[in-house]
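Data first, discussion second: the structure below is written as structure tokens.
Any read-out appearing in this document is the output of simple, stated calculations on the displayed coordinates, not a laboratory observation. Because the structure is a prediction, the values reported are computed rather than measured. All Cβ positions, even for glycine, are placed from backbone atoms using ideal geometry, and neighbour counts span all protein chains on display.
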Amino acid sequence: MQILILTWLWLLTILYLSLKPQVEMPISFEYMDKLLHLGSYAFAMILITLAYPQINRYRSVALLFAYGLLIEIAQLFAINRYFEVADLVANLIGILLAIYLMKFTRATAQS
């Protein structure tokens with residue numbers, strides 16, 4: 001039950017941070033934004049997989065990617081936010097990286 005609550009809190013956090021007006025980051029470098037997208041969606045994918053093990057992995061990928069796409073579309077209507085294909089790519093890389101890491105850790109744990 002706790003993982004379920006954490007999953008939904010994390011998804012709501014992504015939504016909030018993605019739609020609030022941008023602020024200056026205390027630490028910044030050229031691709032900081034993309035790295036944050038990658039990490040956020042990787043963590044979200046791990047949480048979703050743990051919270052909903054009965055859901056097909058391909059469906060989870062599609063749903064989480066669609067969630068990111070809807071957020072990017074919503075950013076068209078938010079102050080100081082923009083739709084960026086690069087953000088979608090970073091989201092997808094994070095999602096796929098999480099799946100790979102979970103498969104790798106399971107395979108390592110079984111051997």
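Summary table below
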read-out: Viscosity 1.306 mPa s, temperature 10 °C, Stokes-Einstein D of the chain from Kirkwood C-alpha radius, µm²/s; value: 108
read-out: Potential lengthening between Val85 and Tyr31 on full extension [0.36 nm per residue; Cα-Cα distance subtracted]; value: 18.0 nm
read-out: Dipole in debye (nearest 20) - the chain, about Cα centre, beta carbon charges: Lys, Arg +1; Asp, Glu -1; value: 480
